[in-house]
Each structure stands twice: as C-alpha cells, then as structure tokens.
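Below you'll find the structure, written out as structure tokens, and then a few comments.
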Amino acid sequence: MRRAAIAVDVVRPYLPGFALLVAGALLANVVAGAVDGLQPLVVAVGVGALVGNTVGTPPAVEPGVSVDKLFLETGIVLLGAAVVIEEFVAAGPTVLGLVVLAVAGGLLLAEAIARLLFRIDGATPSLLAAGASICGVSAVVAIGRVLDARGSAITFAAATVLLFDAATLVAFPLAGEWLGLTSRQFGVWAGVSMFSTGPVAAAGFA
C-alpha cells in the first residue's frame, strides 16, 4: 500500500497536464474529421500556438505538458513502424532510390537556400528543410524539439510548410493532368515532392 501511495503521489502532478494533452488530441481529431484534407496535427499545432501565445499554460498543467516531447518521440516511432517493410520492397529499387535522393537532396537544398539566399539563421533553416523533405509539420515539430528551437521558429516553419501544402494541393493535380501522367507516375511524383502526407493523399483523389 505504501508503494502504491508513493506511486500515486509521483504521478498526480502530471495528471492535469496529461488530461489537457489528451483533450487537445481529441479536439484536433474531431475538427480534422469534420474538414476534408485537414490533418489533426495541423489543428493541434494551431491550437497550441494560439493558446501558448495568448493565455499561456497554467502552472497546474505544466508538469504534465512538459512531457509532450516523450509522447511526440513515441508517436514518431510508432508512425514509422506503421510503414511495413514489404511495402518498401514492393515499391521497387527505382522508387526507393528516388525517395532517398529526394529526401537527401531536399534537405541539403532547402537548408542551403534558407541560409545562403534568404540569410535565415538559427534553427529555422533546418526546420524548413525537415518540413519540406521529410513529412511536413510533423517533421518541423519533431526536429524543433530535438534542436530546442524557439516557438517562433517552429511556428514560422510550420506556417511555411502549410502554405506550400495549400499551393501544391491545387497545383499538382492540374500539372499532373496537363503533363498526362499515369496514376502511378503522378503518385510517385507527388509522394516524393509534396511536403506532407495529407496533401499527397488528397491530391491523389483530386
């Protein structure tokens, strides 16, 4: 009983913040489910940025909210695990090679453009490169945590990725139709060049 009481005392300070994170995740899923093509992560980032820059985080929920990095990293691992190895093998060496080149080249090119052409310093170029080359806002948030980037840098990079997502969601289907691409050709092109998974799926149904 004593050990159980100690465990409860250790966990109790984290419960309000954990409950807030769960409520936010549920809200993001409900809102995203009501709007076609909208990702729960985008809603969650938007709500978090709005709350963080207006009312702030109440002291009572700080301990629980501060463990969000653990949940984020765990979610990224589980998301990666959802991609079955057989699917990679079935895609064939050509597609796999394109993916590797697109990710590596995109990271280097986006970072170089941000730093050398636009003279952006700090962690922002790396956040932009990750968002453009890996998996959109998810990568921005994950890399932002790893680099301990400022909230303003994460918000800027996420907003930039969302802006490009909106533009490519309109432009890619039109370009694919104009170029006369087959479904497979369009899917490979969109998959390796569009920023986020959601817009790729939406563009595929356009």
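All of the numbers you see were taken from the coordinates with simple rules; none came from a lab. Given the structure is predicted, the values throughout are model-derived calculations rather than measurements. Neighbour counts run over all protein chains shown; Cβ positions are idealised from the backbone, glycine included.
For Asp121, Asp165, which order do you get if you count the other beta carbons within 10 Å of each Cβ and list the fewest first?
Ordered by Cβ neighbours within 10 Å, fewest first: Asp121, Asp165.
Taking label positions 7 Å along the Cα-Cβ direction at both Arg184 and Ser152, the computed distance is 5.0 nm, reported to one decimal. Dividing the summed helix terms, -39500 (n - 2.57) for each DSSP H run of n ≥ 4, by the number of residues in the chain produces a 222 nm estimate of -24000 deg cm²/dmol to the nearest 500.
Selection among Ala149, Leu107, Gly97 by position relative to the dipole of the chain gives Ala149 as farthest towards the positive end (Cβ unit charges, Cα centre).
Between Ile120 and Arg115, the built amide H atoms are under 5 Å apart, and every one of these is 5 or more places off in sequence or on another chain. For the range 129-206, the list of trypsin sites (Lys or Arg not before Pro) that fall in a loop by DSSP and count at most 15 other C-beta atoms within 10 angstrom reads Arg150.
Give the order of Ser66, Ser138 when sorted by the count of other beta carbons within 10 angstrom, beginning with the fewest. Kindly include the intermediate steps, with their values, before the conclusion.
Numbers: Ser66 12, Ser138 24.
The order, fewest Cβ neighbours first, is Ser66, Ser138.
Would you list Val140, Val89, Val67 from fewest to most Cβ contacts within 10 Å? Can you show the working numbers first?
Working: Val140 33, Val89 10, Val67 13.
Fewest-to-most ranking of Val140, Val89, Val67: Val89, Val67, Val140.
Shown here: the chain, whose C-alpha atoms stretch 68, 42, 32 Å along the first, second and third principal axes, sorted largest to smallest. Of the residues Phe71, Gly136, Gly180, the one whose Cα sits farthest towards the positive end of the charge dipole of the range 67-206 is Gly136 (charges of +1 on Lys and Arg Cβ, -1 on Asp and Glu Cβ, taken about the Cα centre).
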